[in-house]
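Asks: The structure that follows is given in the form of C-alpha cells.
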Amino acid sequence: MDYSIRITGEAGQGIQTIGDTLAKLLARAGYYVFTQQDYESRIRGGHNSYRIRFSAGTITASQAKIRILVPLDREGIALHGKELAEEGILLYDSVSLKEKLTGSRSLDIPFADLAISHGGNKIMANTVAVGAVLGVLGMGLEGLNRIITDTFQKKGEEIISANIRAALAGHQYAKENCPHCASVPGMAEDGKGKMLISGSEAIGLGAIASGCRFYAAYPMTPSTGIMNYIASKAHEYGIVVEQAEDEIAAINMALGASFAGVRAMTGTSGGGFSLMVEGLSLAAMTETPVVIALGQRPGPATGFPTRTEQGELGFALHAGHGEFPRVIFAPGTPEQAFHLTRKAFDLAEKYQIPAIILTDQHLADTTWSYDSLDLTGIEINDYRLRGEQFQALPEYKRHAFTGSGISPFGVPGEARHLVVTDSDEHDEEGHIVEDAETRIRMVQKRLFRKLPPLRKEIAPPTLYGHKKPVVLLAGWGSTFGVIREVVDYYAPVMDIAMLHFSEIYPFPATGQFNYLKLLREAELAVCVENNATGQFARLMRTETGYSFTNMINKYDGRPFSVEGLVEEIRAILG
C-alpha cells in the first residue's frame, strides 16, 4: 500500500494546515509518512502545494503520481491534474473554483457551504477538506477529533465543537457521494504512532542536544525554520535566541558568545552566507568555534528563494579569505541532521574551528516519520578551561603552540588569567605580530597540525544495496532518500547500490571503507546532484582523482521524484 495526496492552492488558503494535519494523523495511525512542500516566495497568492505520501513500509522520497488531489484553486487542476493516477480521485469545491468538472473520478464537495452550515464559519473549510479526505480513505475521525481538541484548546469548547462538526460533515459527504472510494488497504503492521520531524527541526533539536546556548540569525529561507524551532524551546532549555539586523551581525554575535564561553550557532542561506564570510575567517584566525547552518537555494542573487538546489558546496568549501581548516557536513535525512549537528558542535569546539551544516530547502521542509531517534551515546564534551582547572595554571597563552595545534581554551573571567585574541596575526598570547617566523608557526599550528587528526574524525560514505554492485549511484546531502528508493526499485533486476556522502570535508579517507575500489569496480557509476555543474563530482576528482563518466544533474529548483530519477537511470542504461 502506497498512497500520495496533493493539496494545492494559493498562499493564505490554509494548504499547510490541511497538509500538516493529515500528515500528523497518518503518522499517529502508524503509517510511514513523507511530506514535501512546494511554495512561491509570497505571503498571499501564487500557487503552492503540499504533498503527503504514506505507506505501510519505509518511504524516503516523493512520488510523481498521486491518488488524491485536493485543488483549492483552478491552477491546481491545470498543473497537477495530469499527475493523478488512473485510479485517483479529485476532491474540489465547484462553487469556490467556479468550475464544474465531469468524470467519475471527480467529487464535488461544497467545502465552504458545509463549513458555514455545520461550523458556522467559512474559515473551517479546511477542516471540512481534512474530514473529506479521511472519508475517501475510509478512515475514522477519532484521531482528527483529538488533534482538533489539542489545537483549539485555548479557544474554548465552542470552537472545538464547531470544527468537529465541520470535519464530520466533510467525512459523511465524501462517504455518501463516492461509492467507488475504498478504504486504504491495511494499516502499518505495528499499529504504533510514529513521530514526524523535518530537517530544520532535526538540526534545531541537534543543536539543543549539543548544549547550544546562543543562536543568532537574520531570517532567510530555508534556514528560518531552525531559528523558529530553537526559539520555541529557548525558555525551556535556557537558550538566548537573537534575531539580528543582518547576517554580519548574526555571525559576529555568535562568535562573541562563543568567545565568552558558550556553544553558539548561526544559520542563513547563500546570500546571507556571503555577508558572513569575513566573520568566518575571523572565527578561523581567532580559533573561535562556531556552527553555521547553510540552507542552500537556487542562485545567483535572490534566485528562487523558496526552491531547492545543491549549488553551494563549492562556496562552503572555499568561502573565507586565507587558508584554514573547517568541517562540512551535508545530512541526507532528519536523523542524520540531528546526529551531524551534534558532531559539528563537538568538532568545532574540540578543534576550535568553524563547522558548516549544509542543508537545502528540500531537506529543511520535508518531514519524515520515525519510530524514534537513536539517542544512545549522547554526551556533551566540554573542551574549555573553566573554574579551578583554569585558575590552577601557572600561566596561560590563548594561542600556545602545541603538538596537536589545539591551544588551551580558557573562558574569560573564570580565572585571573587574561584571555586575548586578535583578528590580525598574533603571538601565543594573542597580541599582534608582524614577523615571518611567528606567522609560519601559527599557520602550521592552525592548519597543518589540525587537519590530519580532524580527517580521522570523518566517517566514510554510507553504502546501501548490493555489496558488490554492477551499478553504483553516488550522491550527497538531500538526495539520500530518492536514490535509496531508486536502488530498491531496480534491486530485483540488477546488482545496484547507493554510495551516499554526508561528511564532506575533510574528504573521507578510504582506510575504514575503500569506496574508491567499489566505484572503480562497478560497471556503471553515476553521480546524482541537484546542481548544474556537478560540484560534488568535481570535489571527488580533486580529492581522490576519481572521475565520474556519468552524471545526472537537476537544476530547475525542484527535487528529484522517484519516477523521474528512475527514468534518468533507465536512459543511461539504454
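Asks: Counting only protein heavy atoms and using a 1.4 Å probe, what share of the accessible area of the chain belongs to carbon plus sulfur, as a whole percent?
Replies: 51 percent
Asks: Between segment 521-574 and segment 269-284, what is the separation of their alpha carbon centroids in Å?
Replies: 29 Å
Asks: Distance in nm between label sites at residue 113 and residue 495, each 7 Å beyond Cα in the beta-carbon direction?
Replies: Result for the modelled spin labels: 6.4 nm.
Asks: Considering the options 147, 432, 399, tell which one lies farthest towards the positive end of the dipole of the chain, charges being +1 on Lys and Arg and -1 on Asp and Glu at the Cβ, about the Cα centre.
Replies: Highest projection toward the positive end goes to 147.
Asks: Using Cβ-Cβ distances only, list the Cys residues of the chain with no partner cysteine under 4.7 Å, sorted by number.
Replies: Lacking a cysteine Cβ partner under 4.7 Å: 212, 527.
Asks: Which value, in debye to the nearest 20, describes the size of the charge dipole of segment 68-212 about its Cα centre when Lys and Arg Cβ atoms bear +1, Asp and Glu Cβ atoms bear -1, and nothing else is charged?
Replies: About 220 debye.
Asks: Compute the length gained on full extension between residue 87 and residue 155: take 0.36 nm times their separation in residues and subtract their Cα-Cα distance, giving the result in nm to one decimal.
Replies: Full extension of this stretch gives 20.5 nm more.
Asks: Another question about this same structure. For a protection proxy built on the mean count of beta-carbon atoms within 10 angstrom, sort 541-550, 409-418, 351-360, 479-488 highest first, please.
Replies: With the highest mean Cβ count within 10 Å placed first, the list reads 351-360, 479-488, 409-418, 541-550.
Asks: Stokes-Einstein D for the chain at 10 °C, 1.306 mPa s, Kirkwood Rh over Cα pairs, in µm²/s?
Replies: 62 µm²/s
Asks: For residue 296, enumerate residues with amide H under 5 Å from its amide H, sequence gap 5+ or separate chain, H modeled in the peptide plane.
Replies: Result for residue 296 returns 359, 360, 361.
Asks: In debye to the nearest 20, how big a dipole does the chain give about its Cα centre with +1 on each Lys and Arg Cβ and -1 on each Asp and Glu Cβ?
Replies: The dipole of the chain has a size of about 740 debye.
Asks: Also, quick follow-up: What distance in nm separates the simple spin-label points at residue 457 and residue 524, each placed 7 Å from Cα in the Cβ direction?
Replies: Result: 4.0 nm between the two label points.
Asks: Can you order the peptides 552-563, 396-407 by their average number of other Cβ atoms within 10 Å per residue, highest first?
Replies: The densest-packed peptide leads the list: 552-563, 396-407.
Asks: Tell me the per residue accessible area of segment 276-367 using a 1.4 Å probe; a whole number in Å² is fine.
Replies: 24 Å²
Asks: For residue 410, enumerate residues with amide H under 5 Å from its amide H, sequence gap 5+ or separate chain, H modeled in the peptide plane.
Replies: 385
Asks: While we're on this one: Place a +1 charge on the Cβ of each Lys and Arg in segment 504-574 and a -1 charge on the Cβ of each Asp and Glu, then give the dipole magnitude about the Cα centre in debye, rounded to the nearest 20.
Replies: 200 debye
Asks: At a 10 angstrom cut-off on C-beta neighbours, averaged per residue, how do the peptides 512-520, 284-292, 72-80 rank from highest to lowest?
Replies: Sorting 512-520, 284-292, 72-80 by mean packing, highest first, produces 284-292, 72-80, 512-520.
Asks: Suppose accessible area is computed on protein heavy atoms with a 1.4 Å probe; arrange 441, 326 from highest to lowest.
Replies: Largest accessible area first, the residues go 441, 326.
Asks: Ok, one more. Give me the one-decimal nm value for the distance between modelled label points at residue 517 and residue 122, 7 Å along each residue's Cα-to-Cβ direction.
Replies: Computed distance between label sites residue 517 and residue 122 equals 6.9 nm.
The values are calculated or read from the model by the stated rules, or taken from the named source; none is laboratory data. Note that the structure is a prediction, hence the values are computed from the model and not measured. No Cβ is skipped: glycine too gets one built from the backbone with ideal geometry, and neighbour counts run over all protein chains shown. For the accessible areas, the whole protein counts, side chains as well, though only heavy atoms, and no ligand, DNA or RNA atoms are used. Shrake-Rupley method; radii C 1.70, N 1.55, O 1.52, S 1.80 Å.
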